[in-house]
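Okay, so here's the structure we're looking at.
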């Protein structure tokens with residue numbers, strides 16, 4: 001609930017409850033300013049309103065407290081500083097449901113606490129920052145001096161409102177990053193589809209031209225094979241789109257077998273395939289076949305143009321005048 005007394009000011013503060021709320025609204029509703037700039041303004045506002053030395057946002061992960069942004073001159077409460085969570089006041093903030101407040105730490109049982117020994121803070125107020133249902137960190141204000149009066153309900157609500165705003169902004173930031181990743185993946189997927197389907201389409205086009213020129217029905221069979229290959233690629237790509245970059249099953253594959261089949265589906269034109277020693281690999285047949293088809297096509301398109309290219313290192317050699325692929329094992 002919002003602060004109820006908008007005319008009063010916290011002890012040591014020249015900012016009333018109402019003025020603090022109005023300024024917080026002004027800062028957070030400025031959509032043209034980046035999150036980091038508004039966060040710094042809120043920390044400055046909170047320090048002034050609460051009359052304390054330091055304000056800071058933390059990120060808590062793997063037992064460590066990292067200060068993401070800070071306002072004030074406490075040397076251990078600066079942006080980029082970190083410490084074990086066991087030495088932080090915030091470890092108790094995240095353990096309770098409501099905002100943690102400390103009026104006078106040394107009189108409230110903190111004098112032997114590791115956090116008190118490390119930071120020396122006498123007064124503290126902190127609220128959890130939850131992002132997408134998970135703990136992100138804390139939003140806090142503190143001072144090395146104790147307070148004359150406990151933190152009021154209005155002050156607690158003020159800190160909670162700022163922590164909730166930070167939670168919302170961080171959630172939106174993550175959502176934008178997630179959308180960008182998905183858009184990048186979609187663009188990559190479209191590129192893969194275009195690249196992998198181009199080869200069988202080229203084969204169909206080439207053999208249709210030959211069939212038209214020669215009238216040989218054998219070329220139509222090769223067109224059908226290329227179209228079947230396109231159907232398989234489309235099915236595989238749809239699975240990839242639904243399930244991501246996962247491989248459901250693997251099998252033992254003879255390298256010569258998959259290389260030969262991949263060569264038959266690749267548009268290699270005036271080139272022949274030479275296979276040396278055979279080996280057995282384990283993998284997903286369809287993915288490995290796509291790999292070899294792309295490899296063969298790139299080798300033909302960008303490889304050596306010398307007809308003498310027949311070394312062991314050259315899997316693809318130029319020089320054949322026949323569009324038919326000759327495989328030698």
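For the reader, a short list of remarks on this structure follows.
- Matching residues in region 88-114 - criterion: being buried (at least 17 other Cβ atoms within 10 Å of the Cβ) and either under 18 Å from residue 62 (Cβ atoms) or not assigned by TED's automatic domain parsing to the domain that holds residue 150 (or both): 88, 90, 91, 93, 94
- Subset of region 129-161 (residues that are out of contact with any strand residue (DSSP E or B) (no Cβ under 6 Å at 6 or more places or on another chain) and outside any loop (DSSP other than H, G, I, E, B)): 130, 131, 134, 135, 153, 154, 155, 156, 157, 158, 161
- Meets criteria (closer than 23 Å to residue 200 by Cα, modelled with pLDDT under 70 and in contact with a helix residue (DSSP H, G or I) (Cβ under 9 Å, 6 or more places away or on another chain)) for residue 259: no
- Looking at 137, 120, just one residue is within 23 Å of residue 165 (Cβ to Cβ) and assigned by TED's automatic domain parsing to the domain that holds residue 151, and that residue is 137.
- Subset of region 101-120 that is in a loop (DSSP other than H, G, I, E, B) and touching a residue at least 40 places away in the same chain (Cβ under 8 Å) - its residue that is farthest from residue 47 (Cα to Cα): 104
- Meets criteria (under 27 Å from the mean Cα position of the chain (by Cα), more than 27 Å from residue 27 (Cα to Cα) and either surrounded by fewer than 20 Cβ atoms within 10 Å (Cβ to Cβ) or outside the structural domain of residue 29 (by TED's automatic domain parsing) (or both)) for residue 82: yes
- Meets criteria (touching a strand residue (DSSP E or B) at 6+ places or on another chain (Cβ under 8 Å), part of a strand (DSSP E or B), modelled with pLDDT of 70 or more and surrounded by 16 or more Cβ atoms within 10 Å (Cβ to Cβ)) for residue 272: yes
- Residues of region 35-75 that are loosely packed, with under 15 Cβ neighbours inside 10 Å, in contact with a strand residue (DSSP E or B) (Cβ under 9 Å, 6 or more places away or on another chain) and in a loop (DSSP other than H, G, I, E, B): 63, 73.
- Residues that are buried (at least 16 other Cβ atoms within 10 Å of the Cβ) and closer than 15 Å to residue 261 by Cα are absent from region 208-220.
The values are calculated or read from the model by the stated rules, or taken from the named source; none is laboratory data. Predicted, not measured: the structure shown is a model, and the values here were computed from it. FYI the Cβ positions are ideal-geometry reconstructions off the backbone, even for glycines, and counts take in every protein chain you see.
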